[in-house]
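Here is the structure we will look at, set down as structure tokens.
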Amino acid sequence: DGGITQSPKYLFRKEGQNVTLSCEQNLNHDAMYWYRQDPGQGLRLIYYSQIVNDFQKGDIAEGYSVSREKKESFPLTVTSAQKNPTAFYLCASSFGGRSNYGYTFGSGTRLTVV
Amino acid sequence: AQKITQTQPGMFVQEKEAVTLDCTYDTSDPSYGLFWYKQPSSGEMIFLIYQGSYDQQNATEGRYSLNFQKARKSANLVISASQLGDSAMYFCAIDNNAGNMLTFGGGTRLMVKP
């Protein structure tokens, strides 16, 4: 079945560590996105990529980095520069451009700083 | 830039009754799409319904319908015959003119009472 796989489901990070969240899709979608969700809040865009080897900053890119070396993969690294990384991270994908179905989302990664 | 406002942080509805979740938006784009997503406690985002800014008729999908009032910039979600499984967070979202970026509101938590 086609879909988006995020791993791990839960992730614990020590202060000062970089961690990488995985996002893989087999939907043949061109565009991929990373969102952050804090408890009781909406989703905020971190980074997005419309094509391979290209990506743009969203509204809250500071402290995060991404790469898009393959169409299927869009990993997110939470760096030590991100001062408050504890949140729920959602990856999404789409064909790019407007779609009646919006985005397809993964099941999320819950990151906690310990 | 797009903005979505959901003014109801939480709502209760009796099982089998209808409920309306409010959404107002602000955009300077001449063409845009409006989306509603459901987020159960498990965290995944489930697409519910889409309305294009030039669509003449209100969108419907099963028990979901969208009350689109373009002049008022509102896109309220109506859920008919509420079920216990409808208890979740509901997010309204708008895309930009190119259809390549979704902006989400803060969400409404719906609780269905038996």
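Identify the single condition in (1) of a type outside the set (F, W, Y); (2) closer than 22 Å to A:S94 by Cα; (3) open to solvent by less than 10 Å² (accessible area, probe 1.4 Å); (4) touching a Lys or Arg at 6+ places or on another chain (Cβ under 8 Å) that B:A88 does not satisfy, given that it satisfies every other one.
(2)
Count, please, the residues in segment A:1-56 that happen to be in a strand (DSSP E or B) and polar (S, T, N, Q).
10
Quickly run through segment A:11-27 and pick out the residues that are of a type outside the set (A, V, I, L, M, F, W, C) and either at pLDDT 95 or above or open to solvent by less than 40 Å² (accessible area, probe 1.4 Å) (or both).
Result: A:R13, A:T20, A:S22, A:E24, A:Q25, A:N26.
It is to be established whether one or more residues within segment B:63-86 are part of a strand (DSSP E or B) and of a type in the set (D, E, K, R).
Scanning segment B:63-86, I find no residue that is part of a strand (DSSP E or B) and of a type in the set (D, E, K, R), so the answer is no.
Let me confirm something: among A:F95, A:F74, A:F12, which residue is more than 14 Å from chain B (Cβ to nearest Cβ), over 14 Å from the mean Cα position of the chain (by Cα), touching a residue at least 24 places away in the same chain (Cβ under 8 Å) and on the phi < 0 side of the Ramachandran plot?
A:F12
Report the residue count in segment B:80-98 for those that are closer than 19 Å to B:G62 by Cα and within 8 Å of another protein chain (Cβ to nearest Cβ).
Matching residues across segment B:80-98 total 1.
Looking only at residues that are open to solvent by 90 Å² or more (accessible area, probe 1.4 Å) and more than 28 Å from B:G85 (Cβ to Cβ) in segment B:54-69, which one is modelled with the lowest pLDDT?
Once the filter is applied, the top-ranked residue is B:Q56.
Could you give every pair whose Cβ atoms fall below 7 Å, whose first residue belongs to segment B:20-40 and is under 11 Å from B:N97 (Cα atoms) and of a type in the set (F, W, Y), and whose second residue is open to solvent by 50 Å² or more (accessible area, probe 1.4 Å) and assigned to a loop (DSSP other than H, G, I, E, B), counting only separations of at least 6 or pairs across chains?
What qualifies is B:Y32/B:N97.
Residue by residue, here is whether (1) more than 10 Å from chain A (Cβ to nearest Cβ); (2) small (G, A, S); (3) assigned to a loop (DSSP other than H, G, I, E, B); (4) open to solvent by 70 Å² or more (accessible area, probe 1.4 Å) holds:
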residue: B:I4; (1), (2), (3), (4): no, no, no, no
residue: B:T7; (1), (2), (3), (4): yes, no, yes, yes
residue: B:F12; (1), (2), (3), (4): yes, no, no, yes
residue: B:T20; (1), (2), (3), (4): yes, no, no, no
residue: B:S31; (1), (2), (3), (4): no, yes, yes, no
residue: B:W36; (1), (2), (3), (4): no, no, no, no
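Which residues, taken from segment B:76-85, are within 10 Å of the chain's Cα centre (by Cα) and open to solvent by 10 Å² or more (accessible area, probe 1.4 Å)?
Passing the criteria: B:N76, B:V78.
Based on this model, can you work out whether B:M101 counts as more than 8 Å from chain A (Cβ to nearest Cβ), open to solvent by 20 Å² or more (accessible area, probe 1.4 Å) and among the aliphatic types (A, V, I, L, M)?
Against the criterion (more than 8 Å from chain A (Cβ to nearest Cβ), open to solvent by 20 Å² or more (accessible area, probe 1.4 Å) and among the aliphatic types (A, V, I, L, M)), B:M101 does not qualify.
The values are calculated or read from the model by the stated rules, or taken from the named source; none is laboratory data. From a predicted model like this one, the values you see are computed outputs, not experimental measurements. Glycine also receives a Cβ, built like all others from the backbone with ideal geometry; neighbour counts cover every protein chain displayed. The protein model used for the area step is the full one, side chains on, heavy atoms only, and it has no ligands, DNA or RNA in it. Shrake-Rupley method; radii C 1.70, N 1.55, O 1.52, S 1.80 Å.
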